[in-house]
Amino acid sequence: MARLEDVVEFVSGSPQFRIKEAPDNTAPLYTYYGQPDLEGDLVGIDSSGSDGKQVRTFDKVNTLCQGDVVFSLISGKSTIVGVKHQGYLYTQNYVKLVAGNQVDSQYLVFLLNEDQSIKKQFQIGLQGSQVLKYTLKQVKELELPNLPTIDKQRLIGELYFNQLRLEALRNRAAKSETTIALEKLREASRK
């Protein structure tokens, strides 16, 4: 049985506490990649909820590119970085997964987020742990189910992302309808 480390290369994020902030305005400005950004990338909808925390530094830091697969060691979720988050700095709470030619990026995200055997491995790894944070070692040692052909992987991955986006759009529409209905009720109660 293949492990995740057999099909993926891992690039850890920059340790946040080691980043030296530069008071100099000529220092490059980076925006931190956070959980709202990850959630936004997963459903393909802009994450207006991001706190947009930024830092100016001359340090060499790890940044994300559009199309990168990123895994959150905090939430245990993964996604593909969208164009809006190109160049964002990612900290040690995230790991970039560079997929080789054995696994499709979107399928990899589907596998990490939805596969029952992987969820079970994570749960076992977290048992007895006070801190609900995943370790890089845990992620590397995940045992993968047998991978379908690359064409089938692409199809599954694409359908997965389309489904998440559709669900997010439906939720957004339902929220808007509720807001409108509540406003009408407020107006009616004032008359």
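Here are some notes:
- Filter pass, residue 138 being in a helix (DSSP H, G or I), at pLDDT 95 or above, surrounded by 12 or more Cβ atoms within 10 Å (Cβ to Cβ) and of a type outside the set (Gly, Ala, Ser): no
- Output for region 3-25, where each listed residue is assigned to a strand (DSSP E or B) and among the basic types (Lys, Arg): 3
- Test: residue in region 98-117 that is assigned to a helix (DSSP H, G or I), without any contact (Cβ under 8 Å) to a residue 12 or more places away in the chain, out of contact with any Asp or Glu (no Cβ under 8 Å at 6 or more places or on another chain) and not aromatic (Phe, Trp, Tyr): yes
- From the options 169, 155, residue that is among the aliphatic types (A, V, I, L, M), surrounded by 12 or more Cβ atoms within 10 Å (Cβ to Cβ), at pLDDT 95 or above and more than 22 Å from residue 92 (Cα to Cα): 155
- The lone criterion from (1) free of Cβ contacts under 8 Å to residues at least 12 places away in the same chain; (2) touching a Leu at 6+ places or on another chain (Cβ under 7 Å); (3) among the polar types (S, T, N, Q) left unmet by residue 93 is number (1).
- All conditions but one from (1) surrounded by 13 or more Cβ atoms within 10 Å (Cβ to Cβ); (2) closer than 30 Å to residue 29 by Cβ apply to residue 83; the one that does not is (1).
The values are calculated or read from the model by the stated rules, or taken from the named source; none is laboratory data. All values derive from a computational prediction rather than experimental measurement. In this analysis, Cβ positions are derived from the backbone assuming ideal geometry, glycine residues included, and neighbour counts consider all displayed protein chains.
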